[in-house]
Amino acid sequence: MSRGRLIVLDGLDGSGKSTQSQLVADALRQQGERVRLISFPDYSEPSSALVKMYLSGELSRDPEGVNAYAAGSFYAVDRYASYKKFWERDYLDGGLILATRYTTSNAIHQMGKLPREQWDDYLCWLEDFEYGKLGLPRPDRVIFLDMDRAVADRLILSRYGGDESKKDIHEKNRAYLAACQETARYSAEKLGWSVVPCDDGQAPLPMEEITRRILALLEAEQPERR
C-alpha cells in the first residue's frame, strides 16, 4: 500500500472551517480525487469524552484552568482513536484525507496558556507526542483560514441565534480567542502553514472566493516544510 496525502484546514472559531472543508472536498471529488473528509473533535465518539468535559466547563470554567499539556492530550487521544478506527486504511491505501482541525489546533488553542518563551518547546512536544509517540500521520499541507476576530465573533453569535449561553468556554472568552490569533500566526510562520485571508476587514469574503484560494494552493502542490 502507498501512503496517501493528509491536508488540514484549520482556523479560529467562526472562520468557516467546516463549510470550506465540505466545499473543497466536493470540488476535489469532481476532479476525480478519492477524498475522505474527517473532523476533530469527533463528538459522536466516546474518545471525545474528556474534550467535551473540558469545553463544557466541567474541569474548569476558564480555559486556563486546564494546562496546555493536559488539554492537548485530550484532543490527541480523540485523534488517535479516529485514525485507528476510521481512516488509517484509506490513508495507507493512497487516499486523500481532508481534516477539519488536527494537531494544529493544539498549537492554536493551547499554546497560548504558556509563556511565550515556552512556545517552541510546546510545538516540539506536540510533534513528538502526536506524530512520534502516537504515530499519527504528519500533514502534507496545513492551510490556516485567517479571519479578523471581530468578524468571526459576529459569525459565532449568529450561529447560536444570539444566545451567548450556547457558547463553549473557548467561544465565551474573547481575550482567550484574541490570544489564539497570536499563537496561530506564530505557528503558521514557524511551521510553514499556508495562510488564506477570509475577510475584507469588515465582513467575510464570499465562500466561493475562499474555496478558490484554497484550491489554488492545493493545485500549486508546494510541499509543506517539516
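For segment 204-216, what are the residues that are of a type outside the set (Gly, Ala, Ser) and either open to solvent by less than 20 Å² (accessible area, probe 1.4 Å) or at pLDDT 95 or above (or both)? Break it down into steps so the answer makes sense when it comes.
Taking segment 204-216 first, the residues of a type outside the set (Gly, Ala, Ser) are 204-215.
Listed by number, the residues that qualify are 208, 209, 210, 211, 212, 213, 214, 215.
Grab the helices (runs of 4 or more DSSP H) fully contained in segment 1-118, keeping just those with 3 or more residues being closer than 27 Å to residue 179 by Cβ and either open to solvent by less than 40 Å² (accessible area, probe 1.4 Å) or aliphatic (A, V, I, L, M) (or both). Write out each step before concluding.
Numbers: elements: 17-30, 49-56, 68-82, 88-92, 103-109.
Where helices (runs of 4 or more DSSP H) fall fully within segment 1-118 and carry at least 3 residues being closer than 27 Å to residue 179 by Cβ and either open to solvent by less than 40 Å² (accessible area, probe 1.4 Å) or aliphatic (A, V, I, L, M) (or both), they are 17-30, 49-56, 68-82, 103-109.
Could you give me the residue pairs with C-beta distances under 6 Å whose first residue belongs to segment 125-141 and is over 19 Å from residue 97 (Cα atoms) and touching a residue at least 24 places away in the same chain (Cβ under 8 Å), whose second residue is open to solvent by less than 40 Å² (accessible area, probe 1.4 Å) and among the β-branched types (Val, Ile, Thr) wherever it lies, and which are 6+ apart or on separate chains?
126/103
I'm checking my understanding of the structure. Among residues of segment 180-203 that are open to solvent by 60 Å² or more (accessible area, probe 1.4 Å) and more than 20 Å from residue 141 (Cα to Cα), which one is modelled with the highest pLDDT? Don't jump to the end; show me each part of the working.
Let us first name the residues in segment 180-203 that are open to solvent by 60 Å² or more (accessible area, probe 1.4 Å), namely 182, 185, 189-190, 195, 197, 200, 202.
Then keep just the ones that are more than 20 Å from residue 141 (Cα to Cα); that gives 182, 200, 202.
On the way: 182: 94, 200: 90, 202: 87.
Result: 182.
Residue under question is residue 16, and the condition is that it be free of Cβ contacts under 8 Å to residues at least 12 places away in the same chain and farther than 18 Å from residue 136 by Cα; does it hold?
Numbers: free of Cβ contacts under 8 Å to residues at least 12 places away in the same chain: no; farther than 18 Å from residue 136 by Cα: yes.
Against the criterion (free of Cβ contacts under 8 Å to residues at least 12 places away in the same chain and farther than 18 Å from residue 136 by Cα), residue 16 does not qualify.
The values are calculated or read from the model by the stated rules, or taken from the named source; none is laboratory data. Fair warning: this is a prediction, and the values are worked out from it, not measured in the lab. A quick note on method: Cβ atoms are made from the backbone with ideal geometry, for glycine too, and the neighbour counts reach across all protein chains shown. Only protein heavy atoms, including side chains, enter the accessible area calculation; ligands, DNA and RNA are left aside. Shrake-Rupley method; radii C 1.70, N 1.55, O 1.52, S 1.80 Å.
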